[in-house]
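Engineer: This is the structure, below, for whatever I ask next.
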């Protein structure tokens, strides 16, 4: 973390070299349209543009704000809101963005109300969101056909189905293919149940994430039918995904500055200006190399070095977030370095924040 | 949560009535300068102005941004950065804000470096930050005197001492006075150790928070010497402090909208558009009245009602955050209603966000 003399902290710092390596690695396994990168992980059109450069044109979004922001920035050709919205204003804003930019907008629907609201707002394309085991959104697989019929009757194009097996992202690797296949069976069956009514434009079976992107064996009669994967975290990574055997490296750290140190009879510790307001904490404490994190407070993390050494006040410390998505949501900007150890050359706004 | 027809969600919604009741309750116990409200909890000058209206003029801040934002907005007369900064630009920005607005700025110092940087930046007032048991910032009590001497030699005014007994905020009530007193003994001793060198302007012994504000018995020879309390969460509350026997009510909720429901053989649940990106999660899951929260994802919370009923898609749901401070840090605005059940009348920006 040398050469960051003027960086105000806490700050997100991204290695462009590592980002590009992660993007290239993923694009080798899932090139072009076989990956629909999820922008919710980074909320940053600067990063999405790099994903376009390696060949992806279709993107996944979690909020209307992400869809509208991507469209207005002219990034991608095919944007999916992989989430339900029942906000007429935001649905209309996405429809307007599609009309005015020519970038295709598709929204997930899982109920008659979400179908009707999408049609009323002037949206044109939907995916039927099918529940594949995670108790969250998605219709029951047996309801997919009737929802598709309702969408078609309302003048919407049904582009296919999606399902998110979020409950399987961190299952042990030896169990993962079997469990993902069982989950995807219901998604593929739902697709097959509606294809006769939805017609030629119905082609998408969309699922997956960073924890399962490699589970979609193209030769498997079920898994091979999933034709796009919605991974997002792979671009930046975090300590949770980093604990899995994945070929991606940490590309982004929250960099802090040591503001206080203590050497007492009761122990030695250092304090940095990175805390609960700069770190997503739902996956637990962040990680610092060669150190033990004691605890995080609003604006502080207390830690000690494994070798008993004490950092100096003013030292920079790189903190690996436990969960990248909510970490980025706390920051306004990403500071870009060409390589670790080099100076910041660009600042990319986290321009897709909020809703 | 009626009468919120046009509220885009997730959204922070504040009851002005409850806020004012909380502020009045606290001002009865700790009026005027005996409370130094902590703005880190709300990061909102709109709320700080209400704290001025009930008689407080001195405020506690956790970041330079909060200090500068309060000064530039003309809120308060006496702002304390109860935290260490080693950023010369931000220290200078606080000094400039003091010069240009006439609002007094004091910063905490706990090392020779923080003393020297404060003086070099043109700051004029410091508190000696003393460690009182929480392994975070603060000098050893026995070092307070020498730090004060260094500050005085650098031309700084030493206004007193502060110490934060954050490790005692949630100890059982019957044990709290004894433990707070033991912690404050070292702070009072540190004060007494430097008073002969620091002179007449050295008068402040600052400590405490929402969990201990009532522990400072004015008749106790130690606790009674703490002359200002740095409580912040009391204004808004959260489920963590709500579990303690405190006389404050929840004044702010994250309001969500039901976007999906499911009634299956495996169970029934509803999903709202409130998740990890709108909730501070370090204290665990949020609370929903009469419901069980199953889990939170980036943009969702899945829950079920205790009585087995299922909300309707489009229903509003009030979510009580487990930790108010990092929750607010995720939002741009606070929507104000005069009373629960009434329409939004004002939007107050969270204008002290970031650093």
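Engineer: Just checking, does region B:56-63 include any residue being surrounded by fewer than 23 Cβ atoms within 10 Å (Cβ to Cβ) and assigned to a strand (DSSP E or B)?
Structural biologist: yes
Engineer: Only one of these is touching a residue at least 40 places away in the same chain (Cβ under 8 Å), under 28 Å from residue B:125 (Cβ atoms) and part of a strand (DSSP E or B): B:211, B:160. Name it.
Structural biologist: B:160
Engineer: Being more than 23 Å from residue B:73 (Cα to Cα) and within 14 Å of chain A (Cβ to nearest Cβ) is the filter here, so list the residues in region B:1-57 that pass it.
Structural biologist: Answer for region B:1-57, where residues must be more than 23 Å from residue B:73 (Cα to Cα) and within 14 Å of chain A (Cβ to nearest Cβ): B:4, B:5, B:6, B:7, B:8, B:9, B:10, B:11.
Here is a yes/no grid of residues against (1) closer than 14 Å to residue B:271 by Cα; (2) within 14 Å of chain A (Cβ to nearest Cβ); (3) surrounded by 21 or more Cβ atoms within 10 Å (Cβ to Cβ):
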residue	(1), (2), (3)
B:306	no, no, no
B:309	yes, no, no
B:316	yes, yes, no
B:321	no, yes, yes
B:334	no, yes, yes
B:338	no, no, no
B:341	no, no, no
B:346	no, no, no
B:352	no, yes, yes
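Engineer: Follow-up. Quick one: which residue in B:199, B:224, B:208 is more than 14 Å from chain A (Cβ to nearest Cβ), buried (at least 23 other Cβ atoms within 10 Å of the Cβ) and under 24 Å from residue B:158 (Cβ atoms)?
Structural biologist: B:208
Engineer: Among (1) touching a helix residue (DSSP H, G or I) at 6+ places or on another chain (Cβ under 9 Å); (2) more than 9 Å from chain B (Cβ to nearest Cβ); (3) part of a helix (DSSP H, G or I), there is one condition residue A:327 misses while meeting the rest; what is its number?
Structural biologist: (1)
Engineer: Hey, another quick one. Give region A:66-120 a look and list any residue that's part of a loop (DSSP other than H, G, I, E, B) and either surrounded by 24 or more Cβ atoms within 10 Å (Cβ to Cβ) or touching a residue at least 24 places away in the same chain (Cβ under 8 Å) (or both), or say none.
Structural biologist: Correct list: A:74, A:75, A:76, A:77, A:82, A:83, A:84, A:85, A:86, A:103, A:110, A:111.
Engineer: Only one of these conditions is not met by residue B:268: (1) within 14 Å of chain A (Cβ to nearest Cβ); (2) surrounded by fewer than 21 Cβ atoms within 10 Å (Cβ to Cβ); (3) assigned to a loop (DSSP other than H, G, I, E, B). Which number is it?
Structural biologist: All conditions are met except number (3).
Engineer: While we're looking at this one, here's another question. Pick from region A:8-55 the residues that are in a loop (DSSP other than H, G, I, E, B), in contact (Cβ under 8 Å) with a residue 60 or more places away in the chain and outside the structural domain of residue A:92 (by TED's automatic domain parsing): which of them is nearest to residue A:238 (Cα to Cα)?
Structural biologist: A:10
Engineer: Here is a further query. Answer with yes or no whether residue A:284 is in contact with a helix residue (DSSP H, G or I) (Cβ under 9 Å, 6 or more places away or on another chain), in a loop (DSSP other than H, G, I, E, B), under 30 Å from residue A:320 (Cβ atoms) and without any contact (Cβ under 8 Å) to a residue 40 or more places away in the chain.
Structural biologist: It is true that residue A:284 is in contact with a helix residue (DSSP H, G or I) (Cβ under 9 Å, 6 or more places away or on another chain), in a loop (DSSP other than H, G, I, E, B), under 30 Å from residue A:320 (Cβ atoms) and without any contact (Cβ under 8 Å) to a residue 40 or more places away in the chain.
The values are calculated or read from the model by the stated rules, or taken from the named source; none is laboratory data. All values reported here derive from a predicted model rather than from experimental measurement. Glycine also receives a Cβ, built like all others from the backbone with ideal geometry; neighbour counts cover every protein chain displayed.
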